[in-house]
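Single-structure report; data block below.
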Amino acid sequence: MAQVNVLELRDKVKQMYKKVAESPQDNFHFETGKKLAERLGYSKKDLNAIPEKSIESFAGVGYHFDLADIKKNETVLDLGSGSGMDSFIAALKVGDKGKVIGIDMTKEQLKKAEILSKKNFKNIRFKMGYIEDIPIENSSIDVVISNGVINLCADKFKAFSEISRVLKKNGRIAISDIVSEKELTEGITCNADIWASCIGGAMQQDKYKRTIKMVGMKILKFKENPQYAFLSKSAQGATKTFGVKSISLLAIKTI
């Protein structure tokens, strides 16, 4: 089957999330902001303790901090960290002696996150990078988190292989993402615009699970997030036709 053009896809995604960083009140295929975060399960206590500007650009698809169970002094890697909302929450949980690293490929998102972190968050650093080529050393991470981003990767096997590489043995991954119940058609999977809207890259859920297992990780929990919904008619149509949906999962590295 033909594949999406990776360079075109990355450019479309960067353009989309540049807008999310700079103009979060614009209309997108997906919802953004505090109301979305609260509906997905984020606590008001956590949201009130982090920069408000990071919340306005939040475009996640689920809640997985309950699965992650982040502890004091751990090292957490946030993939597709955006304007930093999840990174800031993780920083609250690891404490002053813990560490959070946020990776994103959109410079406007990184710039916003870096500015917001300077005042009260000394245990976070943000880096430019791609999930398929994570700029982190082997076996150095206790917990990987990610929210609605892996579906944007053209090569999910490479993405999960990289996650497995950077995790310590028995390290864990707690993520939310978009998957599908049925295989998407080639017309959708080769369209970079649809990918950038978090639809075209939705992997069929059984394949998604198998890919995680293939790289040496064991899935412990897998749940759907019915509280998440796309906004545009085209995105809602894909949901109806192919079962495109939000899920969260917890897995541990076993090798």
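Here, each number is a calculation from the coordinates, and none is a lab measurement. Everything quoted here is computed from the prediction, not taken from an experiment. No Cβ is skipped: glycine too gets one built from the backbone with ideal geometry, and neighbour counts run over all protein chains shown.
Here are some notes:
- Where N is the number of residues in segment 63-185, Cα Rg divided by 2.2 N^0.38 Å: 1.02
- Segment 6-253 - percent relative contact order, Cα under 8 Å, separation 6 or more: 21 percent
- Here Met128 and Lys35 are evaluated by their C-beta separation; at R0 = 30 Å the FRET efficiency comes out at 0.50.
- For Gly171, residues with placed amide H under 5 Å, excluding near neighbours: Lys253
- For segment 95-101, 3J(HN,Hα) per residue [Karplus equation, 6.51 cos²θ - 1.76 cosθ + 1.60, θ = phi - 60°, Hz, x = Gly/Pro]: x, 5, 8, x, 8, 10, 10
- For Met217, the amide hydrogen comes within under 5 Å of the amide hydrogens of Thr254, counting only partners 5 or more places away or on other chains and with H modelled in the peptide plane.
- Given charges at beta-carbon only (K, R positive; D, E negative), |dipole| of segment 1-107 in Debye: 160 debye
- Correct choice for Rg and Dmax of the Cα atoms in Å that was computed from the model, options [x] 19.4, 62; [y] 22.9, 87; [z] 16.6, 49: [z]
- For the peptides 26-33, 95-102, the ranking by mean Cβ contacts within 10 Å, running from highest to lowest, is 95-102, 26-33.
- Cα-based shape type of segment 74-132, given that a ≥ b ≥ c are square roots of the gyration tensor eigenvalues and the cut on a/c is 1.5: oblate
- Amide H within-cut-off set for Gly102, under 5 Å, with H built and near neighbours excluded: Asp78, Arg125, Phe126, Lys127
- Relative contact order of segment 30-159, pairs being alpha-carbon contacts under 8 Å that are 6 or more residues apart, as %: 25 percent
- Listed values for segment 24-32 are Karplus-derived 3J(HN,Hα) couplings in whole Hz (6.51 cos²θ - 1.76 cosθ + 1.60, θ = phi - 60°), namely x, 8, 5, 8, 10, 5, 10, 7, 9, and x replaces Gly and Pro.
- Signed unit charges on C-beta, dipole axis of the chain, positive-most listed residue Asn138, Phe30, Ile212: Asn138
- Among beta bridges that DSSP assigns inside the chain, antiparallel share in %, nearest 5: 40 percent
- Charged-residue dipole, Cβ positions (Lys, Arg, Asp, Glu), segment 55-128 about Cα centre, Debye nearest 20: 440 debye
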